[in-house]
1. In region 13-45, which residue that is within 15 Å of the chain's Cα centre (by Cα) and surrounded by fewer than 23 Cβ atoms within 10 Å (Cβ to Cβ) is farthest from residue 89 (Cα to Cα)?
2. Tell me, which residue of region 34-46 that is part of a loop (DSSP other than H, G, I, E, B) and touching a residue at least 12 places away in the same chain (Cβ under 8 Å) is nearest to residue 196 (Cα to Cα)?
3. Which residues, counting only those in region 1-12, are buried (at least 21 other Cβ atoms within 10 Å of the Cβ) and either within 19 Å of residue 83 (Cβ to Cβ) or out of contact with any strand residue (DSSP E or B) (no Cβ under 8 Å at 6 or more places or on another chain) (or both)?
4. Pull out all pairs, ordered by first then second residue, where Cβ-Cβ is under 8 Å, the residues are six or more apart or on different chains, the first lies in region 188-209 and is on the phi > 0 side of the Ramachandran plot and touching a residue at least 12 places away in the same chain (Cβ under 8 Å), and the second is part of a helix (DSSP H, G or I) and loosely packed, with under 15 Cβ neighbours inside 10 Å.
5. Could you grab me the full set of residues in region 57-94 that are over 30 Å from residue 23 (Cβ atoms) and outside any helix (DSSP H, G or I)?
6. Mind listing whichever residues of region 99-115 are surrounded by fewer than 22 Cβ atoms within 10 Å (Cβ to Cβ) and within 16 Å of residue 167 (Cα to Cα)?
7. Test residue 109 against the criterion of being under 15 Å from residue 173 (Cα atoms) and without any contact (Cβ under 8 Å) to a residue 60 or more places away in the chain, and give yes or no.
């Protein structure tokens with residue numbers, strides 16, 4: 001499958017959010033990535049339901065919502081209500097992960113689980129058949145613009161091998177420091193979805209940068 005590109009709105013210009021949303025609509029990007037942070041699970045606060053709802057009204061592509069929060073279960077139905085298509089929770093934040101995944105699917109959303117850099121992929125072996133997506137954090141979650149953690153390549157390889165055995169249709173997504181120096185390496189390792197924030201929105205031509213991620217051709 002061709003690489004899924006999910007630009008992270010955390011790096012968008014919130015003074016001109018509608019403009020950036022329309023840029024993504026007109027680009028080759030596949031999804032909108034929205035990071036929801038609560039200041040508890042991660043040391044930062046981003047945005048909540050009003051922004052998700054606003055994006056949904058303008059977006060012509062699915063919303064890829066990443067919850068970096070404690071007690072995700074309380075909000076699952078709300079995120080469905082406000083427009084999430086993919087809902088990803090953190091392994092480290094869910095006491096009853098199977099229950100959480102089933103609740104996401106019961107709302108009609110695709111279900112994902114994210115792993116922090118310190119969490120090994122084998123932790124997901126038992127839940128992997130129930131997942132649509134696994135998100136490998138290649139930086140410590142909480143802030144955009146961080147440096148890529150190289151060990152993430154090995155984690156992607158390990159997850160790909162496990163998925164080939166257990167869930168061949170799994171989407172393997174990577175978020176954190178994704179740019180022209182590692183995007184192809186990540187996809188060669190088994191990733192098929194890339195989240196990019198600063199690399200897209202701080203580039204001179206965000207649409208062209210999205211095209212480069214989509215084609216993995218950075219010589220254009």
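The values are calculated or read from the model by the stated rules, or taken from the named source; none is laboratory data. It should be emphasised that the depicted structure is a prediction, and the values quoted were computed from it without experimental measurement. Note: ideal-geometry Cβ built from the backbone for every residue, glycine included; neighbour counts use all protein chains shown.
1. Ranking the candidates gives 30 first.
2. The initial filter retains those residues of region 34-46 that are part of a loop (DSSP other than H, G, I, E, B), namely 39-44, 46.
From what is left, the residues that are touching a residue at least 12 places away in the same chain (Cβ under 8 Å) are 40-44, 46.
Values: 40: 24, 41: 22, 42: 19, 43: 20, 44: 19, 46: 16 Å.
Taking the candidates together, the pick is 46.
3. Start the filter on region 1-12 by keeping residues that are buried (at least 21 other Cβ atoms within 10 Å of the Cβ), which leaves 4-10, 12.
Within region 1-12, 4, 6, 7, 8, 9, 10, 12 qualify.
4. The qualifying pairs are 190/161.
5. Across region 57-94, the qualifying residues are 70, 71, 94.
6. Answer for region 99-115, where residues must be surrounded by fewer than 22 Cβ atoms within 10 Å (Cβ to Cβ) and within 16 Å of residue 167 (Cα to Cα): 101, 110.
7. Numbers: under 15 Å from residue 173 (Cα atoms): no; without any contact (Cβ under 8 Å) to a residue 60 or more places away in the chain: yes.
No; evaluated as a whole, the condition is false for this residue.
Residue by residue, here is whether (1) over 16 Å from the mean Cα position of the chain (by Cα); (2) closer than 20 Å to residue 214 by Cβ; (3) in a loop (DSSP other than H, G, I, E, B) holds:
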{"position": "139", "(1), (2), (3)": "no, no, yes"}
{"position": "147", "(1), (2), (3)": "yes, no, yes"}
{"position": "150", "(1), (2), (3)": "yes, no, yes"}
{"position": "156", "(1), (2), (3)": "no, yes, no"}
{"position": "161", "(1), (2), (3)": "yes, no, no"}
{"position": "172", "(1), (2), (3)": "no, yes, no"}
{"position": "179", "(1), (2), (3)": "no, yes, yes"}
{"position": "187", "(1), (2), (3)": "no, yes, no"}
